[in-house]
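The values are calculated or read from the model by the stated rules, or taken from the named source; none is laboratory data. What you are looking at is a predicted structure, and each value in this text was computed from that prediction instead of being measured. Methodologically, a virtual Cβ is constructed for each residue, glycine included, from the backbone with ideal geometry; neighbour enumeration extends over all protein chains shown. Remember, those area values only see protein heavy atoms, side chains included, never the ligands or the DNA or RNA. Shrake-Rupley method; radii C 1.70, N 1.55, O 1.52, S 1.80 Å.
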Amino acid sequence: MNKILVANRGEIALRVMRTCKEMGIKTVAVYSDADRNALHVKYADEAVNIGPAPSNQSYLRGEKIIEVCKKLNVDGIHPGYGFLSENAEFAELVEKEGIVFIGPSADSMRVMGDKLSAKAAVKKYNIPMVPGSEGAVTDVKLGIEIAKIAGFPVLIKASAGGGGKGMRIVDKPEEFEEQMKLAISEATSAFGDGSVFVEKYVAGPRHIEIQVLGDKHGNVVHLFERECSIQRRHQKVIEEAPSSVLTEAIRMEMGRCAVDVAKACNYYGAGTVEFLLDENKNFYFLEMNTRLQVEHPVTEMITGLDLVREQINVAKGQELAFKQEDLKISGHAMEVRVYAEDPANNFLPDIGNLKTYKRPQGNGVRVDDGFEEGMDIPIYYDPMIAKLITYSATRTQAIDRMIRAIEEYDITGVQTTLGFCKYVMQHPAFRSGNFDTHFVKNHFTPENLSNFKPDEEMIAAILSAMAFEKKQVNTTSQEKQETPQVSNWKRNRIKH
Ligand code: MV4
């Protein structure tokens with residue numbers, strides 16, 4: 001593998017290229033018109049414009065990207081996450097053209113991409129699943145009977161969905177028919193596949209996922225769990241590893257199940273098996289994501305592995321260099337996603353120019369981003385500015401380090417979710433480890449935030465202090481002094 005094309009943008013494109021560089025592999029960036037000045041373009045050895053800003057005219061153009069690969073003698077494509085990363089047809093086309101797809105086989109993607117076929121594939125293994133229908137539900141009466149056996153409330157889910165898309169909650173039998181019809185029509189228009197199934201609704205669950213890694217020789221290991229319960233409308237906001245609720249016994253059992261799910265679809269590469277954990281610590285297999293995930297850094301921190309390096313080695317056909325027994329958890333890692341969104345305004349995207357952009361630094365702090373001061377955040381893509389990751393010996397220390405790092409982070413020009421993340425880090429429920437997927441809904445209102453706007457009293461105090469200092473030492477540099485900036489830790493502060 002001498003040259004890899006990264007079919008992605010932003011922080012993940014950079015993150016992949018950094019590992020390529022460490023491995024002595026040349027990199028090719030592709031970019032849209034909106035990303036001409038993006039960091040992944042500057043970082044790569046070669047870069048090719050593949051079209052206008054909208055994704056379907058650039059980052060989603062599989063055939064164009066393959067054409068670039070052939071022209072530049074590319075050996076492998078890393079798809080990152082999103083865009084083409086879980087597109088089985090693309091993976092198949094890439095391999096047909098003699099280029100290595102750095103990810104699982106197209107077959108694994110197909111099996112796991114459809115939730116019902118995923119459930120069918122793992123059936124011969126002993127994997128706990130939420131009570132509900134075995135296959136697709138097409139008949140309303142039968143659906144109601146299944147729902148009664150599972151017990152209301154139930155969820156109707158789209159088989160082609162995932163990540164919460166096309167889910168409907170049904171509280172009682174009388175509502176079932178209407179909700180089922182709506183679910184089918186939504187699934188049909190969103191995915192071109194109206195298959196739906198029924199599951200008992202698990203109230204107040206935690207979302208825990210297991211990172212797996214397989215090679216092309218049938219070896220599969222797991223790299224422990226990530227706790228991803230702090231989310232908002234199916235958008236993860238905070239992830240950590242390990243989870244504070246798993247006992248060693250549950251961890252081992254979930255890990256065993258995750259490895260079996262991977263084996264059920266002959267998985268190779270990096271993948272993630274999602275589980276729900278209920279209040280009684282029963283866990284249930286939900287779905288498998290066949291890509292490198294946004295939150296992979298927390299797993300890297302606690303295992304000491306580089307997941308992109310492992311992906312590349314597996315794609316080259318190498319055997320995994322370690323066995324399950326060789327792996328262990330060290331310390332605790334916390335990640336917050338920094339979005340250009342306004343938490344005070346229903347998290348609406350607040351794209352624009354990064355007038356100030358200063359990253360936190362210091363012991364145990366990692367920032368994965370794709371921006372620099374002065375850059376514009378394009379409106380065409382995900383508004384994530386950065387992932388801020390902290391690592392320490394214990395969970396409490398990782399949280400306190402995160403608060404420190406958030407206070408150091410200096411972003412102006414756009415509203416960000418930093419203050420919101422700090423609020424979560426300081427919340428007793430979060431700190432105690434006692435929270436579930438409803439945390440944001442249950443514990444957050446915009447009133448919890450105070451985006452620092454200097455009031456008149458504060459401005460008067462600053463001005464009089466300036467006047468006082470001027471009298472003391474009347475130098476030219478003092479004369480030129482600009483209006484004092486409000487320090488960043490005040491901007492990222494929250495009300496108690
Ligand atoms: C569920 C559930 C409760 N009961 N299934 C949402 C994302 C998708 N992967 C599955 N999801 C859920 N499935 C049953 N039977 C609750 C959720 C869910 C959720 C799951 C993980 C993380 C956040 C969530 C937020 C709301 C609902």
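Tabulated values for the structure
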item	result
Boolean, Ile210 is buried (at least 22 other Cβ atoms within 10 Å of the Cβ) and within 30 Å of Lys316 (Cα to Cα)	yes
Residue ID - farthest from Gly218 (Cα to Cα), chosen from residues in region 268-280 that are open to solvent by less than 10 Å² (accessible area, probe 1.4 Å) and away from the ligand (no atom under 15 Å from the Cβ)	Ala270
Complete set of residues in region 68-96 that are under 14 Å from Tyr31 (Cα atoms) and in a helix (DSSP H, G or I)	Val68, Cys69
Some residue of region 121-134 being free of Cβ contacts under 8 Å to residues at least 60 places away in the same chain and of a type in the set (A, V, I, L, M)	no
Among residues of region 415-431, those that are open to solvent by 10 Å² or more (accessible area, probe 1.4 Å) and out of contact with any strand residue (DSSP E or B) (no Cβ under 6 Å at 6 or more places or on another chain), counted	5
Meets criteria (among the hydroxyl-bearing types (Ser, Thr, Tyr), surrounded by 14 or more Cβ atoms within 10 Å (Cβ to Cβ) and either without any contact (Cβ under 8 Å) to a residue 60 or more places away in the chain or out of contact with any Cys (no Cβ under 8 Å at 6 or more places or on another chain) (or both)) for Ser108	no
Test: residue in region 217-235 that is within 21 Å of Tyr284 (Cα to Cα), more than 9 Å from the ligand (Cβ to nearest atom), among the acidic types (Asp, Glu) and not in a helix (DSSP H, G or I)	yes
Candidates Val130, Val122, Val137 - the one that is more than 28 Å from Gly255 (Cβ to Cβ), crowded, with 16+ Cβ neighbours inside 10 Å and of a type in the set (A, V, I, L, M, F, W, C)	Val137
Scope region 295-319; condition open to solvent by less than 20 Å² (accessible area, probe 1.4 Å) and not charged (D, E, K, R); matching residues	His296, Pro297, Val298, Thr299, Ile302, Leu307, Val308, Gln311, Ile312, Val314, Ala315
Residue list for region 195-207, filter: away from the ligand (no atom under 13 Å from the Cβ) and either of a type in the set (Lys, Arg) or surrounded by fewer than 20 Cβ atoms within 10 Å (Cβ to Cβ) (or both)	none
In region 281-290, residue farthest from Lys236 (Cα to Cα) [restricted to those that are open to solvent by 30 Å² or more (accessible area, probe 1.4 Å) and within 14 Å of the ligand (Cβ to nearest atom)]	Asn282
Residues satisfying the stated conditions in region 159-180, i.e. exposed (fewer than 15 other Cβ atoms within 10 Å of the Cβ), away from the ligand (no atom under 11 Å from the Cβ) and not acidic (Asp, Glu)	Lys172, Pro173
Residue among Glu279, Glu227 that alone is farther than 27 Å from Leu84 by Cβ and under 15 Å from the mean Cα position of the chain (by Cα)	Glu227
Criterion violated by Ile156 - all others in (1) among the β-branched types (Val, Ile, Thr); (2) within 16 Å of the ligand (Cβ to nearest atom); (3) assigned to a helix (DSSP H, G or I) satisfied	(3)
